[in-house]
Amino acid sequence: MSRRRSWSRRSLRIAIRRGVVRIADTWGPIAEASAVMVAGIVGLGAMAVLGHILGYRPAAADLASILAAGLVPILVTSVTVYVVRKAARHHRILIEVTMSYLIHGGRSLLDELLGRMIVGRWERESLKPGDALFDVLAEVCRQRDWPLKRRVAEALPVLGEIDPKRSLEIAGILREDWHEAKWKGDLRRRAVEALVIVPPTDGIPLLHHVKPNAIEPLLKFRSTDEVFTAIAILEVLHEWEIFEPMRAARLQREMLEFVDTSLPTEEREALHHIADFLRDSKNRPVEDVAQKLQGMGKSPNVYVRIAAARNIWLLFDKYPQKAFELMEGFSETTEHENVRRPIAKERSVRFLIGAIKGPLRDRAVSLLYKLLADPDDIIREGTFDMAESLEDADPELLREVCASILKNETIQDLRERAGRIMHRASDARQ
């Protein structure tokens, strides 16, 4: 199957999912309210039939009074159900978490909630975050707690399923973030990347949840952006081209024209190389894409190698063995840390965990531990973010991973998270 046909099918799937979500948002509450009304009317009718059978023959005035007395509560109940369900879809509030954070500064509790979101367990466990939580997250993103802001950025794809408008607001805050001492524009890049990540529930990326005019400001390259953010923008524009070809082409052209006069030669050449690769990958068989990625992985230009590592996910569905080969090579500690980091990104680690129950299990487990032992903090943190989803795939392996974290990890947040998971697993066994 050609990449073009695969691209067309993917476009159709996204369009269908987007339509289903919009229909559910619009008609779901109406359908539930209508069901209540129909059930009430059927019940009222059944009572009337039963009365008739028993010989009850009310006068016309009495019958009108009875119908009014019965229909008014049914109507009120139906309207109430509509209002409540409509509100529940857009403003579901997890009072315990948000109030604990606001009153007690419950950072660990908020961190745990974000972890459940990142791996897609929030809905199954009936966690219902709403406006109160989004207010807290927006405030967190304006503060200086970088590790927690990184967790918020990782949770954005799931948050976008709950409330796209508020999630885009948070993405906008992160898009302006700058860490002077160490991380620079890391959260800017993550805010852009979050637009195209498919939530663990196999939902719709945030990019396709909101109007193009709201998305465009996030995809405009700024003079203060780093090359890493530029790479992320190119990748998102590549995805956005499905529905917004003219707008995506214009933004890409404007960015490349700007970087041609503002970035160093190595960065400028890499961005043009990446733009060409993304354009060509649509029309190439997966084997050709794999060969191209392998060639990019040998480039002396580190930014080209970074782009290759970031786009191995193009092989996951059709060419998993080659994907593993490239991931194993890019994760060697002799490679630049910025080339290794994409192997710990959400798409890659989710792929590893998905392979745990298959024929590539040994390679998946080995690579997972390799990432968790990497000398780079961001790689270990990113890997463990998604490792929590082992709770479904292989709970015993998750316990072993947590035990390893508790024994070897130096980052306190990771140790605390591993401890909470071990405690939860222990409670579940009892």
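The values are calculated or read from the model by the stated rules, or taken from the named source; none is laboratory data. Values in this document were obtained by computation on a predicted structure and should not be read as measured data. Quick reminder, even Gly has a Cβ in these numbers, built from the backbone with ideal geometry, and neighbours come from all protein chains shown.
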- Looking at the stretch 290-311, which of the residues that are assigned to a helix (DSSP H, G or I) and either charged (D, E, K, R) or in contact (Cβ under 8 Å) with a residue 40 or more places away in the chain (or both) is nearest to residue 349 (Cα to Cα)? 310
- Six or more apart or on different chains, Cβ under 6 Å: which pairs go from a residue in the stretch 168-190 that's closer than 14 Å to residue 214 by Cβ to one that's surrounded by fewer than 22 Cβ atoms within 10 Å (Cβ to Cβ)? Could you list them? 168/210; 168/214; 170/138; 175/218
- Does the stretch 319-347 hold any residues that are touching a Phe, Trp or Tyr at 6+ places or on another chain (Cβ under 7 Å) and surrounded by 21 or more Cβ atoms within 10 Å (Cβ to Cβ), and which are they? 323, 339, 340, 343
- Query: Does residue 357 count as closer than 30 Å to residue 236 by Cβ, of a type in the set (Lys, Arg) and in contact (Cβ under 8 Å) with a residue 12 or more places away in the chain?
  - Reply: no
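For (1) touching a Phe, Trp or Tyr at 6+ places or on another chain (Cβ under 9 Å); (2) surrounded by fewer than 16 Cβ atoms within 10 Å (Cβ to Cβ); (3) of a type in the set (A, V, I, L, M), each residue gets a yes or a no:
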site	(1), (2), (3)
260	no, yes, no
266	yes, yes, no
270	yes, no, yes
277	no, no, no
286	yes, no, yes
290	yes, no, yes
297	yes, no, no
307	yes, no, yes
314	no, no, yes
- Query: Which numbered condition trips up residue 323, out of (1) in a loop (DSSP other than H, G, I, E, B); (2) more than 17 Å from residue 299 (Cα to Cα)?
  - Reply: (1)
- Note on the structure: Within the stretch 173-221, the residues that are within 17 Å of the chain's Cα centre (by Cα), more than 17 Å from residue 239 (Cβ to Cβ) and not in a helix (DSSP H, G or I) are 200, 201
- Query: Filtering the stretch 378-408 down to residues that are of a type in the set (D, E, K, R) and over 17 Å from residue 346 (Cβ atoms), which residue is farthest from the chain's Cα centre (by Cα)?
  - Reply: 407
- Only one of these is at pLDDT 90 or above and not hydroxyl-bearing (Ser, Thr, Tyr): 140, 192. Name it. 192
- Message: I need the full set of residues from the stretch 198-214 which are buried (at least 21 other Cβ atoms within 10 Å of the Cβ) and either hydrophobic (A, V, I, L, M, F, W, C) or more than 21 Å from residue 385 (Cβ to Cβ) (or both), in order please.
- Response: 204, 206, 207, 208, 209
